[in-house]
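Derivation of every value follows stated rules applied to the coordinates shown; laboratory data play no part. All figures in this text were calculated on a predicted structure; none of them were measured in a lab. No Cβ is skipped: glycine too gets one built from the backbone with ideal geometry, and neighbour counts run over all protein chains shown.
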Amino acid sequence: MQLRLFWLPALSLLAACNQPQPDTAATVAKAEAPGPDLRSLADSNVVQLLTDYGRQYPGREVLLQTRHGNMRIRLYEETPLHTANFLLLSRKGYFDQTVFNRVVKDFAIQGGTSDKLALRLSRYRLPPEIRAEHFHKRGAVGMARYDDEQNPGRLSSSHDFYIVQGQKLTEYGAQSSTGRTLTPAQLRTYTTTGGVPSLDGQYTVFGEVVEGLDVIDKIAAEPVGNDKWPVQDVGIKVKILK
């Protein structure tokens, strides 16, 4: 069953519990990192700005740090806009003031939002970069989006990302939950490692967790409120590795 629970705009307005105030001085210092001002990005210029930024300031791996441990994430070359956007927000310090704000056990954990932001973004979206070879296996990192009625072009959010936990499935269960024909390798992954194949072809996957998969399980096990926001905040810090 496909759950459309990550992509609702109202989520960004929900209050976090026990959330510390961001380090304003550190955030402002990081905001001066090279690259376009986050308030200058718009739907009309985001492709050119991120293309230029990705060429000038490439990156392939980041370390996402939480109180449950760290996840090393490899970013894909085949999704240059999403990768450049994630690197830009990381280097500018945007993610360092956010939390995992929506957690659904056996499905995914979503982060990139907070109700206490010292550094704010303009409103912009990313063109989809959906690639068949990048699918929603356990540890896949994708970008959330608004639902199809508001967003028929399936444009991605600027900042709300998610990491797949998922479950192990039978071959029939995996294939029947998606509109795509899965390759033998994808079927093998969904049956042995797990994931959420119902999301394939719907959202852009732009990276994967290559170390620290157990951290996903720990965050997914956090007690949550009715809005799926963890009762005790799970803060995010992102460091560029290379």
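Quick rundown of the values:
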{"read-out": "For region 67-181, alpha-carbon Rg and Dmax in angstrom", "value": "15.1, 47"}
{"read-out": "Exposure proxy ranking, count of Cβ atoms within 10 Å, fewest first, for F100, F95, F161", "value": "F95, F100, F161"}
{"read-out": "Cα long-axis angle, helix 80-91 against the chain (0 to 90 degrees, to the nearest 10)", "value": "50"}
{"read-out": "Label-zone membership for region 74-95, site Q48, 7 angstrom Cα→C-beta point, backbone N under 14 Å", "value": "none"}
{"read-out": "Over the chain, relative contact order from alpha-carbon pairs under 8 Å, at least 6 apart, %", "value": "30"}
{"read-out": "Between region 111-152 and region 192-219, the alpha-carbon center distance in angstrom", "value": "14"}
{"read-out": "Choice from K218, K92, K137 with maximal GNM fluctuation in the chain (Cα, 10 Å cutoff)", "value": "K218"}
{"read-out": "Diffusion constant of region 117-242 at 4 °C, which comes from Stokes-Einstein with the Kirkwood Cα-pair radius and 1.567 mPa s, µm²/s", "value": "80"}
{"read-out": "Pairwise label distance in nanometres, T191 with R120, each label 7 Å out on the Cα-Cβ vector", "value": "5.2"}
{"read-out": "Cα convex hull of the chain, projected area averaged across orientations, nm²", "value": "12.1"}
